[in-house]
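Trainee: Please see the structure below; I have some questions.
The values are calculated or read from the model by the stated rules, or taken from the named source; none is laboratory data. Because the structure is predicted, anything quoted here is derived from the model rather than measured. Positions of Cβ are generated from backbone atoms using ideal geometry, with glycine treated the same way; all protein chains shown enter the neighbour counts.
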Amino acid sequence: MNFSVIGLQWGDEGKGKIVDYISGNCAAVVRFNGGSNAGHTVVKDGKKYVFHLLPSGAARGKEMILASGVAVDPIILSEEIGKVSGKILIDSRCSVVTPYDKKLDEIIEEKRGSLALGTTRRGIGPSYAMRALRLEPRVCDILANDFNFEALATFYDMMHINGNLQEWIEYSRNVLKGIEGDSGARVVELNEKGEEVVFEGSQGSLLDIMHGSYPYVTSSHTLSTYIPLSLGLSKDIIGDTIGVMKCYATRVGSGPFPSEEKGVLAEEIRRIGNEYGATTGRARRIGWLDFVSLKYAVRMNGVKEVAITKVDVLSKIRQLKICRSYSVDGEEISDFFKAIPRLDDAKAELEEMDSLHGYDFSIGMKGALKKLIELIEEELKVSVRLVSYGEERSETFELSR
Ligand code: IMP
Ligand code: MG
């Protein structure tokens with residue numbers, strides 16, 4: 001059966017490592033949302049691989065598929081193609097990110113001033129917007145050579161963004177030629193042969209454009225329910241969804257973050273966890289495990305099993321806090337939906353847990369670690385399937401079903 005790997009927080013949960021860990025028997029890894037704003041890190045034999053557009057299965061030489069909901073930047077794609085050996089299929093219906101989109105991303109961010117979203121400036125938001133305006137070329141439009149770029153150029157001209165696209169079009173055609181096709185049909189074909197595929201989510205559930213902390217969100221859908229739509233298949237294709245959650249929280253870019261920790265302790269966690277954006281190098285903001293938002297993410301994705309990541313980081317700090325409710329203007333809220341309109345004012349009610357400081361992972365899962373896992377299972381009504389305590393594949397506990 002196929003399965004999907006979805007981030008339950010604000011992105012950077014460690015999905016790359018989990019996809020790499022569980023995709024061993026799978027024929028292909030599929031990306032279905034976002035674009036080169038993503039940064040998926042996989043470490044293999046001490047070597048670090050970061051992919052922005054290709055799925056993490058790239059590190060295992062798997063077939064890599066981009067479904068039609070991905071916004072494809074031919075320049076980044078070309079760079080990444082040069083680093084991998086597996087077969088690549090890009091859906092012909094994917095939108096193609098143009099140089100104009102990247103300029104617009106920058107201009108909008110500048111204009112927002114102190115209210116900037118902190119986007120990755122990869123042009124992903126403008127590309128989806130141009131798609132909705134029916135101005136953006138798709139992969140098949142670039143290849144067919146009969147797309148009317150006039151309308152797009154006229155629109156951008158109004159924003160004082162211009163420049164000749166001809167050279168870029170030629171370049172993009174060369175990159176995309178021969179690797180385009182029908183992602184849904186390919187997944188069905190593999191399944192009919194008895195092969196499984198993994199769907200790899202990008203960003204996190206709380207950054208979903210519809211259900212996240214709007215406007216501080218990304219520009220696409222990040223939830224498991226976007227998988228069938230992106231492939232042009234029915235909902236049955238998703239299989240089981242594994243939710244990935246870090247044992248603390250991070251957020252890169254602006255926006256509300258109720259369980260945020262600042263100061264020396266946050267700096268320590270950032271340093272130990274190496275919490276710097278894989279795409280922009282920005283320092284990630286640090287916070288504690290937040291069950292209010294996790295419950296919401298678990299429900300939206302239909303998650304029954306989770307993978308917990310970066311537990312080793314907790315073994316190097318002296319404190320461990322969690323949050324089960326927010327205080328919003330004196331009111332206690334434990335339903336994330338109710339907090340959404342007032343998320344800026346929501347403060348996590350933090351509870352101290354037994355710290356994992358000095359934990360020796362060679363003893364397996366005992367004491368404070370076992371207690372934390374039990375709390376997660378109880379609060380989220382899920383089974384913990386994987387516990388990751390390091391970057392390498394071998395640094396993972398697998399719990400039997
Ligand atoms: P955009 O997706 O570049 O438009 O950025 C919108 C918001 O999503 C910003 O806060 C980004 O930092 C955040 N974001 C986008 N991609 C990722 C990701 O892969 N991990 C974490 N945050 C992301
Ligand atoms: Mg990332």
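Trainee: Here are some residues: 271, 284. Which one is in the same structural domain as residue 215 (by TED's automatic domain parsing) and surrounded by fewer than 16 Cβ atoms within 10 Å (Cβ to Cβ)?
Mentor: 271 is the lone residue from the list that is in the same structural domain as residue 215 (by TED's automatic domain parsing) and surrounded by fewer than 16 Cβ atoms within 10 Å (Cβ to Cβ).
Trainee: Could I ask something else about it? For the structure I just gave you, tell me whether residue 34 is surrounded by 21 or more Cβ atoms within 10 Å (Cβ to Cβ) and within 11 Å of ligand 1 (Cβ to nearest atom).
Mentor: yes
Trainee: Just give me the residues in segment 222-254 being part of a loop (DSSP other than H, G, I, E, B), touching a Ser or Thr at 6+ places or on another chain (Cβ under 8 Å) and more than 16 Å from ligand 2 (Cβ to nearest atom), in sequence order.
Mentor: Residues satisfying the conditions are 223, 224, 232, 238, 239, 247.
Trainee: Within segment 172-212, can you find the residues that are over 28 Å from residue 144 (Cβ atoms) and part of a helix (DSSP H, G or I)?
Mentor: Matches in segment 172-212: 191, 192, 205, 206, 207.
Trainee: Out of (1) touching a His at 6+ places or on another chain (Cβ under 9 Å); (2) of a type outside the set (Phe, Trp, Tyr); (3) under 28 Å from residue 254 (Cα atoms), what's the single condition that is false for residue 368?
Mentor: (3)
Trainee: Has segment 83-91 got at least one residue that is under 19 Å from residue 145 (Cα atoms), of a type outside the set (Lys, Arg) and touching a residue at least 60 places away in the same chain (Cβ under 8 Å)?
Mentor: Checked segment 83-91: at least one residue is under 19 Å from residue 145 (Cα atoms), of a type outside the set (Lys, Arg) and touching a residue at least 60 places away in the same chain (Cβ under 8 Å).
Trainee: Please state which one of 35, 11, 24 is within 11 Å of ligand 2 (Cβ to nearest atom) and touching a residue at least 24 places away in the same chain (Cβ under 8 Å).
Mentor: Being within 11 Å of ligand 2 (Cβ to nearest atom) and touching a residue at least 24 places away in the same chain (Cβ under 8 Å) holds for just one of 35, 11, 24, which is 11.
Trainee: Another one. Where in segment 257-363 are the strands (runs of 3 or more DSSP E), entirely inside, with at least 2 residues that are closer than 25 Å to residue 37 by Cβ?
Mentor: 285-287, 305-309
Trainee: Given the condition closer than 22 Å to residue 373 by Cα, within 15 Å of ligand 1 (Cβ to nearest atom) and under 17 Å from the mean Cα position of the chain (by Cα), answer yes or no: does some residue in segment 188-204 qualify?
Mentor: yes
Trainee: Then there's this: Under the condition of being under 25 Å from the mean Cα position of the chain (by Cα) and free of Cβ contacts under 8 Å to residues at least 12 places away in the same chain, which residue from segment 326-362 is surrounded by the most Cβ atoms within 10 Å (Cβ to Cβ)?
Mentor: 338
Trainee: Could you please find all residues in segment 130-152 being touching a helix residue (DSSP H, G or I) at 6+ places or on another chain (Cβ under 8 Å), buried (at least 16 other Cβ atoms within 10 Å of the Cβ) and of a type outside the set (Phe, Trp, Tyr)?
Mentor: Once the filter is applied, which keeps residues that are touching a helix residue (DSSP H, G or I) at 6+ places or on another chain (Cβ under 8 Å), buried (at least 16 other Cβ atoms within 10 Å of the Cβ) and of a type outside the set (Phe, Trp, Tyr), segment 130-152 yields 130, 135, 136, 137, 139, 142, 143, 152.
Trainee: For residue 240, only one of the following conditions fails: (1) touching a residue at least 12 places away in the same chain (Cβ under 8 Å); (2) surrounded by fewer than 16 Cβ atoms within 10 Å (Cβ to Cβ); (3) closer than 25 Å to residue 97 by Cα. What is its number?
Mentor: Every listed condition holds for residue 240 apart from (3).
Trainee: Something else now. Every residue in segment 50-95 that is over 22 Å from residue 18 (Cβ atoms), buried (at least 18 other Cβ atoms within 10 Å of the Cβ) and hydroxyl-bearing (Ser, Thr, Tyr), please.
Mentor: 68, 92, 95
Trainee: Return the residues of segment 162-197 that are β-branched (Val, Ile, Thr) and over 19 Å from residue 95 (Cα atoms); say none if nothing qualifies.
Mentor: Residues satisfying the conditions are 187, 188, 197.
Trainee: Test residue 263 against the stated conditions and say whether it is modelled with pLDDT under 95 and away from ligand 1 (no atom under 16 Å from the Cβ).
Mentor: Criteria met by residue 263.
Trainee: Among what's in segment 374-401 and is assigned to a strand (DSSP E or B) and among the hydroxyl-bearing types (Ser, Thr, Tyr), pick the residue that is surrounded by the fewest Cβ atoms within 10 Å (Cβ to Cβ).
Mentor: Going through the qualifying residues, I end up with 383.
Trainee: If you don't mind, there's one more thing I want to ask. State yes or no: is residue 42 within 16 Å of ligand 2 (Cβ to nearest atom) and not in a loop (DSSP other than H, G, I, E, B)?
Mentor: yes
Trainee: How many residues are of a type in the set (Ser, Thr, Tyr) and either part of a strand (DSSP E or B) or closer than 16 Å to residue 70 by Cα (or both) if we restrict to segment 1-36?
Mentor: Qualifying residue count, segment 1-36: 2.
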